1. Can you tally the net charge around Thr33? Count Lys and Arg as +1, Asp and Glu as -1, for every other residue whose Cβ sits under 13 Å from the Cβ of Thr33.
2. At a 1.4 Å probe radius, carbon and sulfur cover how many percent of the accessible area of the chain?
3. State whether the range 1-81 is rounded, prolate or oblate according to the following rule on the C-alpha gyration tensor (a ≥ b ≥ c being the square roots of its eigenvalues): a/c under 1.5 gives rounded; otherwise a/b larger than b/c gives prolate, and the remaining case gives oblate.
4. So between Asp44 and Ala134, what do we pick up on full extension, going 0.36 nm a residue minus the alpha carbon distance?
5. Going by a ≥ b ≥ c, the root eigenvalues of the Cα gyration tensor, does the range 51-140 fall in the rounded group (a/c under 1.5), the prolate group (a/b larger than b/c) or the oblate group?
6. Taking the 0 to 90 degree range and rounding to the nearest ten, how far is the long axis of helix 59-80 tilted relative to the main principal axis of the chain, both from C-alpha atoms?
7. Peptides 121-134, 85-98: what's the order by average Cβ count within 10 Å, highest mean first?
8. Would you mind getting the accessible area per residue of the chain, heavy atoms of the protein chains only, 1.4 Å probe, in Å²?
Amino acid sequence: MDLIADLQTLGLSLPVASTPGGNYVSVNVRGHTAFVAIQFPIRDGAFLYQGVLGESLITADGRAAMELCALNVLAQINAKVGFDRVEGLDHIDAIYRAAPGWDDAPLVVDGASDLFVKVLGDKGRHSRSIFGVADLPRGFCVGLTCRFTVKG
């Protein structure tokens, strides 16, 4: 499984894996489970997609932001665990902030879900939870955490 090549065929590349913004680790492996800390739409140090969905950002922006979050998750897994150890993506928690009345969260989160399935195939199929919040750090519109099963 050459995920870097698969991403390139999709016209995508992994961002540089970011460092934690506080007292935590980016990826925490316990037994056969890898927990990836929240990833935001950051590409190589640039903060992107800051704003409120349904107000300053449209649903397509949110979808692109969530795809970038998923790429950051993969960058963390590649850097801290290695793609060769990934058995599968189990679950994602997607967080978004939006204007009252905006109701396209599932479409936005599909940006991450679709990318994981395209790149990981059946190993990318997962369950998910979606949470709306009042605010996110740095004004981001979305964030994403993930749980993977990995080989010991």
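1. That works out to +2.
2. Carbon-and-sulfur percentage of accessible area, whole number: 51.
3. The shape class here is oblate.
4. My answer for the length gained is 29.8 nm.
5. prolate
6. The two axes meet at around 30 degrees.
7. The peptides rank, most packed first, as 85-98, 121-134.
8. Normalised by residue count, the accessible surface of the chain is 48 Å².
The values are calculated or read from the model by the stated rules, or taken from the named source; none is laboratory data. Because the structure is predicted, anything quoted here is derived from the model rather than measured. Reconstructed Cβ throughout: ideal geometry from the backbone, glycine too, with neighbour counts over all protein chains shown. Please note that ligands, DNA and RNA were not included when accessible areas were found on the heavy atoms of the full protein model with its side chains. Shrake-Rupley method; radii C 1.70, N 1.55, O 1.52, S 1.80 Å.
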